[in-house]
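Peer 1: Just passing along the structure, written as structure tokens.
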Amino acid sequence: MTFPSDFIFGAATSAYQIEGATGRGRSIWDRFCDQPGNIADGSNGDVACDHVHRWQSDVELMAGMNLNGYRFSFAWPRLFPQGNQQSNAQGFDFYDQLIDTLLQKGITPYATLYHWDLPESLGDQGGWLNRDTPYRFAEFAEQVVNRFGDRVQHWATLNEPRCAAFVGHLEGRHAPGLKSIASALQAAHHMLLGHGLAIQSINRKDLDLGIVLDIKPYYPSTASADAQKAAQQGDGVFNRWFFDAVLKGQYPEDIWLGFAEDVPEVLESDMSIINAPISSLGVNYYTRSLVEWDGEAPFPNVKPVKNPQGRYTTMDCEIFPEGLEAMLVRLNEDYSLPNLYVAETGAALADQLENGQVHDPLRIQYLNGHLKAVANARKQGVPVTGYFNWSLMDNFEWGHGFTQRFGLVYVDYANQKRYVKSSGRWFAEFIAEQQLTTA
Ligand code: FCB
């Protein structure tokens, strides 16, 4: 495996999942967590990893693991507790200090402007179903970049609009907990519009501006024509719908027709706004989908099946690094891509703290396999410039609460103590070796 000397090896987090609520306004996630039954262990992000008080030692942990990149998100309700009317100076100070400290340690910040914590006041006005929200997001984005763009070079507008739209508005497992395909598609459209409007309003050619999309390759579980059709349609909804919109300025026709009367309302200039030029694209990869045709299921008629030989994480994701390589190569064939970086990839495992140690050999294998996939894709000409593990540390895993551990660092929630897992030590050594061989 070889990587260039400026390759970014980092870890990722998001505001709601680690910060804790001190000093910020409420978001749609606070509301969602309040409703009984929504979160597996009944928890919420009120304390999370208490990062808002422990950020200094958390940055030390990153430095100790030789990370040269850190991907985090700004909490909109920390910067503007009511959704843009009034800014919160202490919120801005918090990120100022975090960013300055990262830079002092030689850790390049990768900032995400929206990782799902929409201010509750905007949620009350319809959230992403309201066509006004993308405009509010663009205003927010411009102000944040104006403040931090002197030190933060790499920006992503949204994290995984697919997941926020579909899991939040169709599956009901994420905020705001809705369950209709028409709302998922309208929310997704408004998020994408917000992305394009933000790129326009930020309007900075000197910065690296992009978006983070989740990717998942679909594989037919049998050679039947039906299974292949299911894979093609599943891929169209999960991947092409978003990549075509952002990189080609159109929704794929076959999928548009498949959604029939559920398609979103799209105004005339929307697609050209969504297609605003970007200089990078983050991709989040967790697993593949192995599928059969299901004529009873709504479009895209997909029925997921398990691979009997597969190895699965505690979140039931098949560990499949080949899918990352295949997907990166295929994206590079199908689209004219800006620089890519893997903004998230990682595994939830049943980590145990024993005598101050967490032994997680499977995560080491996972990291090794996925880093290799990236190196292989690079050899085939895919312009990948960085790799971020999800996550820096165990944290609040949305609907799963604190039941899923993804970190390179173990968090003991009873006392907020952090323990670098053996995977974190492995990654640190891997990075040091890379830097030695490329120096
Ligand atoms: C991604 C999210 C991230 C985290 C991982 C496990 O979909 O972007 O916040 O929850 O999944």
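The values are calculated or read from the model by the stated rules, or taken from the named source; none is laboratory data. Note that the coordinates shown come from a computational prediction; the quantities given were computed from them, not determined experimentally. All Cβ positions, even for glycine, are placed from backbone atoms using ideal geometry, and neighbour counts span all protein chains on display. What goes into the accessible areas is simple: the full protein's heavy atoms, side chains included, and nothing from ligands, DNA or RNA. Shrake-Rupley method; radii C 1.70, N 1.55, O 1.52, S 1.80 Å.
Peer 1: Can you give the Rg/Rh ratio of region 227-377, where Rg is from the C-alpha atoms and Rh is the Kirkwood radius?
Peer 2: Ratio of gyration radius to Kirkwood radius for region 227-377: 1.03.
Peer 1: If you don't mind, there's one more thing I want to ask. No solvent, one uniform scatterer per C-alpha: report log10 I(q)/I(0) for region 47-87 via the Debye equation at q = 0.25, 0.29, 0.30, 0.32 1/Å, two decimals.
Peer 2: Listed by q, the Debye log ratios stand at -0.90, -1.00, -1.02, -1.06.
Peer 1: In what sequence, highest mean first, do 82-90, 58-66 appear when ranked by Cβ atoms within 10 angstrom?
Peer 2: 58-66, 82-90
Peer 1: Wrap a convex hull around the Cα atoms of region 382-439, take a quarter of its surface area, and give that in square nanometres.
Peer 2: Quarter of the Cα hull surface area: 5.7 nm².
Peer 1: Something else: Towards the positive end of the charge dipole of the chain, with charges on Cβ (+1 Lys, Arg; -1 Asp, Glu), say which of Q97, I199, A245 has the farthest Cα.
Peer 2: The one lying farthest along the dipole's positive direction is Q97.
Peer 1: While we're here: So how far, in whole Å, is the C-alpha centre of region 272-287 from the one of region 347-404?
Peer 2: 22
Peer 1: State which entries of K216/K248; K216/K303; K306/K421; K303/K421 exceed 26 angstrom in Cα-Cα distance in the structure shown.
Peer 2: Cα-Cα > 26 Å for K306/K421; K303/K421; rest within.
Peer 1: Multiplying the sequence separation of Q380 and E265 by 0.36 nm and subtracting their Cα-Cα distance, what value in nm do you get?
Peer 2: Result for the pair: 37.5 nm of gain on full extension.
Peer 1: Mind giving me the nanometre distance, one decimal, between the label points for D6 and T222, set 7 Å out from Cα along Cα→Cβ?
Peer 2: For the pair D6/T222, the computed spacing is 5.1 nm.
Peer 1: Where only protein heavy atoms count, and the probe is 1.4 Å, what is the accessible area per residue for the chain in Å²?
Peer 2: For the chain, the per-residue accessible area is 38 Å².
Peer 1: Would you list the P(r) distribution for region 245-317, with all Cα-Cα distances sorted into 10 Å bins from 0 and each bin expressed as a whole %?
Peer 2: Answer for region 245-317: a P(r) of 14, 29, 32, 22, 3 percent.
Peer 1: Distance in nm between label sites at R204 and A89, each 7 Å beyond Cα in the beta-carbon direction?
Peer 2: Placing both labels 7 Å beyond Cα along the Cβ direction yields 2.2 nm.
Peer 1: Which percent of Cα-Cα pairs in region 324-439 sits in each 10 Å bin, short to long?
Peer 2: Per 10 Å bin, starting at zero, the Cα-Cα P(r) for region 324-439 comes out as 13, 39, 30, 16, 3, 0 percent.
Peer 1: If you don't mind, there's one more thing I want to ask. May I ask you to work out the translational diffusion coefficient for region 23-67 at 37 °C, viscosity 0.692 mPa s, via Stokes-Einstein with Rh from the Kirkwood sum over Cα pairs, reported in whole µm²/s?
Peer 2: Using the Kirkwood radius from Cα pairs, D works out to 261 µm²/s.
Peer 1: Got a sec? Charge dipole of region 1-120, +1 on Cβ for Lys and Arg, -1 for Asp and Glu; which of G64, Q86, F9 is way out at the positive end?
Peer 2: F9
Peer 1: State whether the chain is rounded, prolate or oblate according to the following rule on the C-alpha gyration tensor (a ≥ b ≥ c being the square roots of its eigenvalues): a/c under 1.5 gives rounded; otherwise a/b larger than b/c gives prolate, and the remaining case gives oblate.
Peer 2: Cα axes put the chain in the rounded bin.
Peer 1: Could you pull out the trypsin sites (Lys or Arg not before Pro) across region 220-292 that fall in loop regions by DSSP (anything but H, G, I, E, B) with no more than 12 other Cβ atoms inside 10 Å?
Peer 2: Filter output for region 220-292: empty list.
Peer 1: Let me ask you something else. Place a +1 charge on the Cβ of each Lys and Arg in region 201-272 and a -1 charge on the Cβ of each Asp and Glu, then give the dipole magnitude about the Cα centre in debye, rounded to the nearest 20.
Peer 2: Here the size comes out at about 340 debye.
Peer 1: Placing unit charges on C-beta atoms (Lys and Arg positive, Asp and Glu negative, everything else neutral), compute the dipole magnitude of the chain about its Cα centre in debye, rounded to 20.
Peer 2: For this selection, approximately 740 debye.
Peer 1: Along the Cα-to-C-beta direction of L362, a point sits 7 Å from the Cα; which residues of region 401-431 have their amide N less than 19 Å from that point?
Peer 2: 401-411, 421-427
Peer 1: Evaluate the Debye formula for region 307-375 with equal point scatterers sitting on the alpha carbons, no solvent, and hand back log10 of I(q)/I(0) at q = 0.13, 0.15, 0.18, 0.29 Å⁻¹, in q order, two decimals.
Peer 2: -0.47, -0.60, -0.79, -1.34
Peer 1: Once you charge only the Cβ atoms, +1 for Lys and Arg and -1 for Asp and Glu, what is the size of the charge dipole of region 303-402 about its Cα centre, to the nearest 20 debye?
Peer 2: I would put it at about 360 debye.
Peer 1: Moving on. Of V358, T345, V374, which is farthest on the positive side of the dipole of region 340-412, counting Cα position, with +1 on Lys and Arg Cβ, -1 on Asp and Glu Cβ, and the Cα centre as origin?
Peer 2: It is V374, whose Cα lies furthest towards the positive end.
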